[in-house]
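The values are calculated or read from the model by the stated rules, or taken from the named source; none is laboratory data. On a predicted model such as this, the values are computed, not experimentally measured, just so you know. Heads up, the Cβs are rebuilt from the backbone with ideal geometry, glycines too, and the neighbour counts pull from every protein chain shown. These accessible areas exclude ligands, DNA and RNA; they are computed on the full protein's heavy atoms, side chains included. Shrake-Rupley method; radii C 1.70, N 1.55, O 1.52, S 1.80 Å.
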Amino acid sequence: MMRENPADLLPELCTLLGAVLGLLTGMFVPRRRQWTAVAVCAAGVLAGLAAAVAAVDGPRLMTFDAFMLDPVTHVTRVTVLGSTLLVMALAYAPLRGHRRETEFHVLTVFTALGTMALGATSDLLVLVAAYLLASIPAYALAGFAKDARGTEAALKYYLMGALLGLLMLTGVTLLYGLGGGTSYESLARGLPSSPAVTVGAVLLVAGLLFKAGGVPAHFWVPDVAEGSSPVVATLVTTVPKIGAFAALFRLGDEVMPRSWALTLALLAAVTMTLGNLAAFAQDNVRRLLAYSTVGQAGYLLVPVAMAGRTDLARPALLYYVAAYALTNLGAFAVVVATGRDRLADYRGLARRSPLLALSLVVCLLGLVGTPPTAVFVGKVLMLGAALNGHYTWLAVVAAVNTVASVFYYLRWIVPACRTADEEPPAPSRPASLVAYTAAALTLALGVGSGLFLSFG
């Protein structure tokens, strides 16, 4: 079923309107009152989230011949917009009164808009446009502080994105020439079985792996996470991944040949292993979380690789990506709240702020996949998808990596529970509230989903 009804894109339109009106508001209000522009941006995102939730029960259809409305799109919208609201809440206190406060929030909302389009599109040309919209504002945000570290991070981020974006465009051109169209439907019908199709698919995946933070396009992740501000690190390691994995899954499910599964399975194994091994040596918590997100990208590639091989692949990906986004946001919120980057600086956190320390423990153990957190259910579904897809070896690699990841998360948890030699500074209250919220939601989602799977 296909139609052209603007109401089908109401979440995207609300988000776009919030960003544009927020930018215009920021241009005409005094610098001391930029909070009004931030409120307009947040209102647009909130309205988009409400529209996305309301659209969940709608029929599966194609709109404007390029956007698919289905469970993948619905989960992408809700997760992206919910995560964006939490990032904006994290940014409010650090940026309050900043002379470019409006610009920061507008760029954040545009990044979210591009990410939603990335996960919803069913056309290669729109995929490229969404990739650019999700990327360009993020490049600016990485260097937002205009200091040496931020500038270096933004430059690395941009150069990596430009290179892999160029490869992506080459892949799109090649697939268009071979398939005679850019829509996924026409490509599924028209692509021949040839080595050239494989080359085009690999080049196309390069750009999406950049957004997802997967090997070999992961090099920017630790440098941007450390060099940019903690709030920007939270955004770029969470929000763009949601759309990237949705886009990868849709391509695998609707377009790509069967050889896609083996290629992505190998990438998944390498990505999770490299991410976890690199995290062991980190003493900077932001670099540790950055390599953790690389490892998580490997786990998320497992259900992507199983697209079309098992019915469990889609629910595994959608649940896991939502659980990951919430848990990763909670962990970064603790970093924003404390304002500390070294593992040793977290010594005594449990004494100074017990609730914040508890939130940290919940989120870090959640990233491991410890019950009853939400990521635990996601990992169970992910392993089930690999087994049902007859990739037992991949399930074993994922299980081994999960166990290994416990040790580097404990390097952070243990100091937080010990007595400090000196009293650390008081945590930021707004960021602490975000951390509490994320930790509570990941527990509630994990317990609720576990009960549903057990008795439902």
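Tabulated values for the structure
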quantity: Surface accessible to a 1.4 Å probe, residue 156 within the full protein complex, Å²; calculated: 80
quantity: Taking the C-alpha atoms of the range 160-235, convex hull volume expressed per residue in Å³; calculated: 93
quantity: At q = 0.22, 0.24, 0.27, 0.31 Å⁻¹, base-10 log of I(q)/I(0) for the range 246-288 (Debye sum, equal scatterers on each alpha carbon); calculated: -0.74, -0.80, -0.89, -1.01
quantity: Karplus-derived HN-Hα couplings along the range 43-59 (A = 6.51, B = -1.76, C = 1.60, θ = phi - 60°), whole Hz, x at Gly and Pro; calculated: 5, x, 5, 5, 5, x, 5, 4, 5, 5, 5, 5, 7, 4, 7, x, x
quantity: Residue 410-residue 447 FRET efficiency (beta carbon distance; Förster radius 25 Å; 0.05 resolution); calculated: 0.60
quantity: Cα-based Rg and Dmax for the chain, where Dmax is the largest Cα-Cα distance (Å); calculated: 20.9, 67
quantity: J(HN,Hα) series, the range 346-359, from Karplus relation 6.51 cos²θ - 1.76 cosθ + 1.60, nearest Hz, glycine and proline x; calculated: 8, 4, x, 4, 5, 7, 6, 9, x, 5, 5, 5, 5, 4
quantity: Exposure of residue 83 as accessible area (Å², to 10), given a probe of 1.4 Å and all protein chains; calculated: 10
quantity: Value of [θ]222 nm, deg cm²/dmol, for the chain, DSSP H segments ≥ 4, -39500 (n - 2.57) each, nearest 500; calculated: -25500 deg cm²/dmol
quantity: Among beta bridges that DSSP assigns inside the chain, antiparallel share in %, nearest 5; calculated: 75
quantity: Volume per residue that the Cα convex hull of the range 1-74 spans, once the total is divided by residue count, Å³; calculated: 80
quantity: Other-chain or far-sequence residues with amide H under 5 Å of residue 215's (modelled H); calculated: 271
quantity: List 253, 70, 345, ordered by accessible area with a 1.4 Å probe, largest first; calculated: 253, 345, 70
quantity: Approximate spin-label separation residue 56-residue 151, in nm, with each point projected 7 Å along Cα-to-Cβ; calculated: 4.6
quantity: Amide H partners (placed H, <5 Å) of residue 67, local residues excluded; calculated: 122
quantity: Average projection area in nm² (convex hull over Cα atoms of the range 257-342, one quarter of hull surface); calculated: 5.7
quantity: Heavy-atom surface of the chain, accessible at 1.4 Å and reported per residue (Å²); calculated: 38
quantity: Percent carbon-and-sulfur accessible area, the range 1-154, ignoring ligands, DNA and RNA, probe 1.4 Å; calculated: 70
quantity: Whole-Hz couplings from phi, Karplus 6.51/-1.76/1.60, listed for the range 147-152; x for Gly and Pro; calculated: 9, 5, 5, x, 5, 4
quantity: Reachable lysines, given that their alpha-carbon falls under 20 Å from the alpha-carbon of residue 241 and they are not under 8 places away in the same chain; calculated: 156, 211, 379
quantity: Amide proton proximity set for residue 183, modelled H, under 5 Å, gap of 5+; calculated: 124
quantity: For residue 4, solvent-accessible area (1.4 Å; no DNA, RNA or ligand), Å²; calculated: 140
quantity: Global form of the range 97-147, assessed from the alpha-carbon gyration tensor, a/c cut-off 1.5; calculated: prolate
quantity: If the convex hull is drawn through the Cα atoms of the range 259-456, its volume per residue in Å³; calculated: 98
